[in-house]
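Read through the structure below, which is laid out as structure tokens, and then see the notes.
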Amino acid sequence: MRSHTKHLTFEIPRRMEFVNITPQVRAEVQASAVREGLCLVNAMHITASVFINDDEPGLHEDYRRWLEELAPFDPSPERYHHNRTGEDNADAHHKRQVMGREVVVAITGGELDFGPWEQSFYGEFDGRRPKRVLIKIIGE
Amino acid sequence: MRSHTKHLTFEIPRRMEFVNITPQVRAEVQASAVREGLCLVNAMHITASVFINDDEPGLHEDYRRWLEELAPFDPSPERYHHNRTGEDNADAHHKRQVMGREVVVAITGGELDFGPWEQSFYGEFDGRRPKRVLIKIIGE
Amino acid sequence: MRSHTKHLTFEIPRRMEFVNITPQVRAEVQASAVREGLCLVNAMHITASVFINDDEPGLHEDYRRWLEELAPFDPSPERYHHNRTGEDNADAHHKRQVMGREVVVAITGGELDFGPWEQSFYGEFDGRRPKRVLIKIIGE
């Protein structure tokens with residue numbers, strides 16, 4: 001069994017943003033030399049996501065507005081108990097649960113076994129500081 | 001290490017529907033001859049889900065209504081920016097995020113290591129065309 | 001390839017609660033002797049979750065209130081069709097979809113490859129009876 005590990009770092013200037021990380025994931029699959037296996041990609045921070053969807057700016061704008069409706073940013077201690085700790089990012093912990101922490105992607109014939117429009121994204125909900133993403137590949 | 005790959009195709013006549021795919025997943029576990037390992041099952045389309053829950057028609061009706069409340073179908077370009085591209089399925093991209101893209105199931109003693117009521121479903125949110133699901137099994 | 005399987009049982013006295021299970025997951029990683037691999041942790045029941053987030057009581061209170069808003073407990077047969085079967089836990093099947101069924105965590109150098117604040121939780125949405133969680137580890 002082969003294994004391959006890569007930690008990426010992102011520092012997003014805005015609070016909320018989505019970054020297409022498919023090229024980085026693809027590069028690690030190649031570097032791993034795994035032909036058949038699984039590729040885990042996860043946010044290592046609990047106010048961020050890794051998810052798979054469409055690379056279409058209108059959809060990303062829709063996601064931003066929808067997540068803001070589902071879990072509005074509100075630094076006051078009234079809405080979110082978490083913000084009574086001195087944090088202001090309780091909303092980000094909620095948004096991340098909707099979008100998920102991780103994806104697991106099959107590797108078949110040495111390539112990500114993706115459908116035609118699948119692209120992998122880093123989802124940031126509390127940016128403006130360095131945060132990490134993990135790529136772990138196992139297989140043969 | 002053994003690996004096994006299967007692509008299934010579904011063409012759902014309705015826009016939104018849930019299909020129990022547990023028999024197909026179980027058949028691939030058997031075909032793989034893996035006794036101990038992991039089984040990834042994922043939608044290969046970004047307006048569809050694979051998820052695990054109960055095979056109870058009332059619950060599925062509840063999910064349909066709840067997802068429609070959280071992310072209503074609306075082909076107009078007003079609600080969803082994504083639909084300004086000529087698409088009408090922005091809602092489906094949102095519904096899929098709530099229900100998830102994939103499941104990873106343990107294989108123990110040659111069987112899906114499921115709890116008593118766990119059943120795996122293909123969740124379609126923008127049907128009426130052929131779409132694929134991937135089953136990837138690795139183990140020994 | 002090594003594999004390791006552990007079933008945990010929880011009986012939560014309240015309907016909804018979050019329990020930090022990181023020590024149990026860590027102990028199974030150690031018991032597995034896997035140095036490089038993947039660790040799947042999943043709820044075996046469809047009204048429960050395993051998720052990764054912060055071990056902060058205020059955030060857990062926020063999650064409880066937010067999930068109650070998104071999918072309120074309501075045993076009547078009016079709101080949820082599922083409760084026409086005699087069940088009263090339709091809300092729990094919805095809450096679990098928001099929080100997810102499972103997490104997959106990388107094992108690197110014999111340890112869970114976690115970010116600084118990542119902690120794994122069992123999320124119970126219909127407690128007061130014994131329910132199981134599965135830990136499955138594969139690797140080398």
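The values are calculated or read from the model by the stated rules, or taken from the named source; none is laboratory data. Not measured: the values here are computed from a predicted model. Positions of Cβ are generated from backbone atoms using ideal geometry, with glycine treated the same way; all protein chains shown enter the neighbour counts. Please note that ligands, DNA and RNA were not included when accessible areas were found on the heavy atoms of the full protein model with its side chains. Shrake-Rupley method; radii C 1.70, N 1.55, O 1.52, S 1.80 Å.
In the list C:Gln119, C:Gln97, which residue meets the criterion of being at the interface with another protein chain (Cβ under 10 Å from one of its Cβ atoms), out of contact with any Cys (no Cβ under 9 Å at 6 or more places or on another chain), farther than 17 Å from B:His60 by Cβ and open to solvent by 10 Å² or more (accessible area, probe 1.4 Å)? If you could, list the steps in order and put the result at the bottom.
Numbers: C:Gln97 fails: farther than 17 Å from B:His60 by Cβ.
Just one listed residue meets the conditions, C:Gln119.
Need the failing condition index for A:Pro72 against (1) farther than 30 Å from B:His4 by Cα; (2) touching a residue at least 40 places away in the same chain (Cβ under 8 Å), just the number.
So the condition that A:Pro72 fails would be (2).
Checking A:Glu56 against (1) without any contact (Cβ under 8 Å) to a residue 40 or more places away in the chain; (2) over 23 Å from B:Leu70 (Cβ atoms), which single condition isn't satisfied?
The number of the failed condition is (2).
Checking the conditions here, which among C:Glu124, C:Glu78, C:Glu140 is more than 8 Å from every other protein chain (Cβ to nearest Cβ) and either among the basic types (Lys, Arg) or surrounded by fewer than 19 Cβ atoms within 10 Å (Cβ to Cβ) (or both)?
On the way: C:Glu124 fails: either among the basic types (Lys, Arg) or surrounded by fewer than 19 Cβ atoms within 10 Å (Cβ to Cβ) (or both); C:Glu140 fails: more than 8 Å from every other protein chain (Cβ to nearest Cβ).
When all the criteria are applied, what remains is C:Glu78.
Condition first: within 15 Å of the chain's Cα centre (by Cα) and small (Gly, Ala, Ser). Now tell me which residues in region A:88-131 satisfy that.
Selection gives A:Ala92, A:Gly100, A:Ser120, A:Gly123, A:Gly127.
Out of region B:42-54, which residues are at the interface with chain A (Cβ under 10 Å from one of its Cβ atoms) and either in contact with a strand residue (DSSP E or B) (Cβ under 6 Å, 6 or more places away or on another chain) or more than 17 Å from B:Phe125 (Cα to Cα) (or both)?
Initial filter on region B:42-54 (at the interface with chain A (Cβ under 10 Å from one of its Cβ atoms)): B:42-48.
The answer is B:Asn42, B:Ala43, B:Met44, B:His45, B:Ile46, B:Ala48.
Mind listing whichever residues of region A:11-27 are in contact (Cβ under 8 Å) with a residue 60 or more places away in the chain and either surrounded by fewer than 19 Cβ atoms within 10 Å (Cβ to Cβ) or under 10 Å from the mean Cα position of the chain (by Cα) (or both)?
Quick first cut of region A:11-27, residues in contact (Cβ under 8 Å) with a residue 60 or more places away in the chain only: A:11-22, A:24-26.
Across region A:11-27, the qualifying residues are A:Glu11, A:Pro13, A:Arg14, A:Arg15, A:Glu17, A:Phe18, A:Val19, A:Asn20, A:Ile21, A:Thr22, A:Gln24, A:Arg26.
List the residue pairs whose Cβ atoms are under 7 Å apart, where the first residue sits in region B:87-105 and is in contact (Cβ under 8 Å) with a residue 24 or more places away in the chain, the second is open to solvent by less than 10 Å² (accessible area, probe 1.4 Å) and part of a helix (DSSP H, G or I), and the two are 6 or more positions apart or on different chains.
B:His93/A:Leu59; B:His93/B:His82; B:Lys95/B:Leu67; B:Val98/B:Leu67
May I ask you to list the residues in region A:55-75 that are facing another protein chain (nearest Cβ under 7 Å) and in contact with a Ser or Thr (Cβ under 9 Å, 6 or more places away or on another chain)?
The answer is A:Glu56, A:Gly58, A:Leu59.
Within region C:81-94, work out how many residues are polar (S, T, N, Q) and open to solvent by 20 Å² or more (accessible area, probe 1.4 Å).
Number of matching residues: 1.
Only one residue in A:Ala33, A:Ala48, A:Ala71, A:Ala43 is of a type in the set (A, V, I, L, M) and surrounded by fewer than 14 Cβ atoms within 10 Å (Cβ to Cβ). Which one? Show your work before the answer.
Numbers: A:Ala48 fails: surrounded by fewer than 14 Cβ atoms within 10 Å (Cβ to Cβ); A:Ala71 fails: surrounded by fewer than 14 Cβ atoms within 10 Å (Cβ to Cβ); A:Ala43 fails: surrounded by fewer than 14 Cβ atoms within 10 Å (Cβ to Cβ).
One residue alone meets the criteria, A:Ala33.
If B:His7 passes every condition in (1) within 14 Å of chain A (Cβ to nearest Cβ); (2) open to solvent by less than 50 Å² (accessible area, probe 1.4 Å) but one, which one does it miss?
(2)
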